[in-house]
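As structure tokens, the structure follows; a few thoughts come after it.
Here, each number is a calculation from the coordinates, and none is a lab measurement. Remember, it's a predicted structure, so these values are computed and weren't measured experimentally. Ideal geometry is used to build each Cβ from the backbone, glycine not excepted, and the neighbour counts take in all protein chains shown.
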Ligand SMILES: O=C(O)CCC(=O)C(=O)O
């Protein structure tokens, strides 16, 4: 299912102008090391969302993760990468309840929550060669909110002016009925789409390069509620910060092979040098080990039982020790009536 409309029909002119102004001045990351560390997204990226929800008065509420954790490299899960989160900016908070209500009217039978659209994934295609390969966004950490499928709201902005002809617009395509189909995403458009539909953006055709115009895309996505599924709530935030934001630290056991660590550091620090970020902090602790991880998984399983959290069917390798530790600390703080705490979760193994 997909629905295309213009933001000018949905939000106020002031809200739209403020969002465009925010985007004109926002920061972008280029060549963030990907899953294999030597690969990277073929466009500029950023992401916002620390896990809080946006209430109907457009305010951020609830608990948030200040750092998240993920495997530093897909093929090497004994080193964790720590990344700092950033809150959803006010310019987006101002429009999110309106977008939710628009969708709720169209689909009264839905399981949307106050957490709907609390993550913003941002792509900036500044060069005609930039693209995103065909993929779906229906990973297990996204709740199924409309027609029992995950949903995103994809916003498009041409801040430097629109292309002079339809054929020079961004080559956004959906894979429907066995064929890739062009979908023109106009300036200020919003596309509500079941995110299990394969989609992609092709690079510009060579002959059309002179007519290329830069395009910014924001896809708003949702986390589970931190109250009913704290682990997948964290994992959803963590996946986005890991791949779209600046790396902050590497965490490992002191016995880690130094060559492996140096190799990772070199790739991450090259990105930091090119994007004006500080070099990575190195953290080492004997607590970073698999026995500890197994203990934390068992503790989390006991919390599922005790507090009636959603079942988690698989504890994958990207659910690293530091994530489990943080989530277990959150549950202790928030659910154990004897402990009092504020909304920031910032527990670290070391
Ligand atoms: O640029 C677009 O419209 C597509 C973005 C996208 O597919 C994504 O962020 O997953």
#### Entry: Tilt relative to the chain, helix 290-307 - C-alpha long axis, 0 to 90 degrees, to 10
70 degrees
## Note on the structure
Relative to the chain, whose Cα atoms define the longest principal axis, helix 13-24 and its Cα axis are tilted in degrees, nearest 10, by 70 degrees
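How would you order 67-79, 311-323, 227-239 from highest to lowest mean count of nearby Cβ atoms within 10 Å?
Details: 67-79: 20.3, 311-323: 16.9, 227-239: 23.0.
The packing order, highest mean first, is 227-239, 67-79, 311-323.
What's the exposure ranking of 40, 192, 117, going from fewest to most Cβ atoms within 10 Å? Working shown, then result.
On the way: 40 17, 192 20, 117 28.
Taking fewest neighbouring Cβ atoms as first place, the list is 40, 192, 117.
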### Message
For a quick check: sort 253, 165 by the number of other beta carbons within 10 angstrom, fewest at the front.
### Response
165, 253
### Query
Anyone know which of 248, 268, 277 comes out most mobile in the 10 Å Cα GNM of the chain?
277
### Task
With springs connecting C-alpha atoms under 10 Å apart, model the chain as a Gaussian network and identify which of 33, 89, 108 has the largest mean-square fluctuation.
108
## Note on the structure
The distance between the Cα centres of the stretch 1-66 and the stretch 90-145, in whole Å, is 9 Å
## Note on the structure
Whole-Å distance linking the alpha carbon centroid of the stretch 296-316 with that of the stretch 202-269 is 26 Å
### Query
When all alpha-carbon pairs of the stretch 86-178 are counted, what percent fall beyond 22 Å?
45 percent
### Query
Any idea what angle helix 96-106 forms with the longest principal axis of the chain, computed on alpha-carbon atoms, 0 to 90 degrees, nearest 10?
70 degrees
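Where the eigenvalues come from the Cα gyration tensor of the chain, what are the semi-axes √(5λ) of the equivalent ellipsoid, largest first, in whole Å?
Computed over the chain, the values are 34, 25, 18 Å.
Could you line up 113, 286, 241, 83 from fewest to most neighbouring Cβ atoms inside 10 Å? Provide the component values of the computation, followed by the final result.
Values: 113 16, 286 11, 241 27, 83 23.
Fewest-to-most ranking of 113, 286, 241, 83: 286, 113, 83, 241.
Can you compute the helix-only [θ] at 222 nm over the chain? Use -39500 (n - 2.57) per DSSP H run of at least 4 residues, normalise by all residues, nearest 500 deg cm²/dmol. Could you put the intermediate results ahead of the total?
Working: 7 runs with 92 residues, N = 350.
Result for the chain: -8500 deg cm²/dmol, rounded to the nearest 500.
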